[in-house]
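Read through the structure below, which is laid out as structure tokens, and then see the notes.
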Amino acid sequence: MFDSGFGGLTVARAAIDLLPAEDLVYIGDTGRYPYGPKPLAEVRGYAREIVASLVEDHDVKAIIVACNTAAAAGLEDLRDELDIPVLDVIQPGATSLVEATATGRAGVIGTVGTISSGAYVHAVADAASVAGRDIQLTSAACPGFVEFVERGQTRGDEVTVLAERLLAPICAADVDTLLLGCTHYPFLARVIADVVGPAVTLVSSADETAFSALRLLRELGLLRERTSRRGRHRFLSSGDVDMFRELGARLLGPELDSAEPWKPGRTAPTSFTPIQQKA
């Protein structure tokens, strides 16, 4: 799996807990974060580059795009190009949001890139159609949240003041459920919850994404069932490796006991080994 930085560690945590026998490779592109303000075409290029490394260097059997901005920018392109399953965090989160809201008034927050792409509007509409529900969705971009998390600053007056300003449209819409549409945002859940109030249920897509991975791998016959063998976990960063290890370990837990450098610069090939050969 990959993310622009540390946010995807929320998905990694859920995957490690739910799929303990699976090996996991995580690339955090901290040398080029944040993705949110960047043009989607640029982010799409980053995603293809990282995916090429995961496939060619690590022989992965499935990929989780643990970055909402990258998923919004080029998920369908990746699925068209790859012969292995590609999972995202957008649809699982949207489905969970539709299931969680009681009033039908729901909100989603994300980076500028994710919100402007309309990915969640479409995903929630699809999920609502399947569920036969009428959902009124209020979206708000939250520039600055990712940067706070990447610095390890998840509480304090600065974060709270920014959250009060950015979440004002969500509060005004009287939503009862709020989807944290960026994998970094669960690290700010306490501040966000304080601002929107106890009546609003916060939804994180990390657990739902891990469950989606479990179902898909099982359906495709690629799941490594629970055994006495524990999965191996590797963490790579395109930025400061020591900083990634130190902050990442605080956010993820003891599994992130070391980190390795990852260098951008390769071009994604046009074809990959078919999924049947990578069980």
**OP:** Just need the relative contact order of segment 78-147 here, percent rounded to a whole number, with Cα pairs under 8 Å and 6+ apart.
**Re:** 38 percent
Original post:
How high is the relative contact order of the chain, given as a whole-number percent (alpha carbon pairs under 8 Å, six or more residues apart)?
Top reply: 29 percent
**OP:** Once you have the Cα-Cα distance between VAL121 and ARG190, take 0.36 nm times their residue separation minus that, and quote the gain in nm to one decimal.
**Re:** 22.3 nm
**OP:** Mind putting a number on the dipole of the chain about its Cα centre? Charges go on the C-beta only, +1 for Lys and Arg and -1 for Asp and Glu, and I need it in Debye to the nearest 20.
**Re:** 360 debye
Subject >> Estimated 222 nm signal from helices in the chain, with DSSP H stretches of n ≥ 4 weighted -39500 (n - 2.57), rounded to 500 >> reply: -14000 deg cm²/dmol
Original post:
Given R₀ = 25 Å, FRET efficiency for ASP17-ALA100 by Cβ-Cβ distance, to 0.05?
Top reply: 0.75
Subject >> Volume of the Cα convex hull of the chain, divided per residue and given in Å³ >> reply: 122 Å³
**OP:** Pick out, from GLY45, VAL25, ILE63, the residue whose Cα sits farthest towards the positive end of the charge dipole of segment 1-73, with +1 on the Cβ of Lys and Arg and -1 on the Cβ of Asp and Glu.
**Re:** GLY45
**OP:** May I ask which residue of SER238, VAL159, VAL121 lies farthest towards the positive end of the charge dipole of the chain, with charges of +1 (Lys, Arg) and -1 (Asp, Glu) on Cβ and the Cα centre as origin?
**Re:** SER238
**OP:** Pick out, from SER96, SER139, ILE16, the residue whose Cα sits farthest towards the positive end of the charge dipole of the chain, with +1 on the Cβ of Lys and Arg and -1 on the Cβ of Asp and Glu.
**Re:** ILE16
Original post:
Where nothing but the Cβ of Lys and Arg (+1) and of Asp and Glu (-1) is charged, how large is the charge dipole of segment 90-204 around its Cα centre, in debye to the nearest 20?
Top reply: 60 debye
**OP:** Mind checking the full-extension length gain between ASP257 and ARG232? Use 0.36 nm per residue of separation minus the Cα-Cα distance, one decimal, nm.
**Re:** 7.8 nm
Subject >> Relative frequency of Cα-Cα separations exceeding 19 Å in segment 90-204, percent >> reply: 39 percent
**OP:** Run the dipole for segment 1-147 about the Cα centre, Lys and Arg Cβ at +1, Asp and Glu Cβ at -1, nothing else charged, and hand back the magnitude in debye, nearest 20.
**Re:** 620 debye
**OP:** Give the relative contact order (percent, whole number) for segment 90-204; include only Cα pairs under 8 Å separated by 6+ residues.
**Re:** 35 percent
Subject >> Footprinting exposure proxy for ARG155, ARG32 (fewest neighbouring C-beta atoms within 10 Å first) >> reply: ARG155, ARG32
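Can you sort CYS142, CYS171 so the residue with the fewest Cβ neighbours within 10 Å comes first?
CYS171, CYS142
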Original post:
What helices does the chain hold that run 27 Å or longer along their axis, going by alpha-carbon atoms, with a Kyte-Doolittle average of -1.0 or more, using DSSP H for the helix calls?
Top reply: none
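Please give the FRET efficiency for GLU164 paired with ASP134, using the beta carbon to beta carbon distance and R0 = 35 Å, rounded to the nearest 0.05. All intermediate terms of the calculation are to be shown ahead of the outcome.
Values: r = 30 Å, r/R0 = 0.85.
Efficiency for this residue pair is about 0.75.
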**OP:** Quickly work out the ASP80-to-LEU214 label distance, labels modelled 7 Å from Cα along the C-beta direction, and quote it in nm with one decimal.
**Re:** 3.4 nm
**OP:** Determine, for THR30, THR69, THR201, THR114, the number of other Cβ atoms within 10 Å of each Cβ, and report the residues in order from fewest to most.
**Re:** THR201, THR30, THR114, THR69
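Every number here is computed from the coordinates shown, using simple stated rules; none is lab data. Nothing here was measured: the structure is a model prediction, and the numbers come from that model. Please note: Cβ atoms are built from the backbone with ideal geometry, for glycine as well, and neighbour counts cover all protein chains shown.
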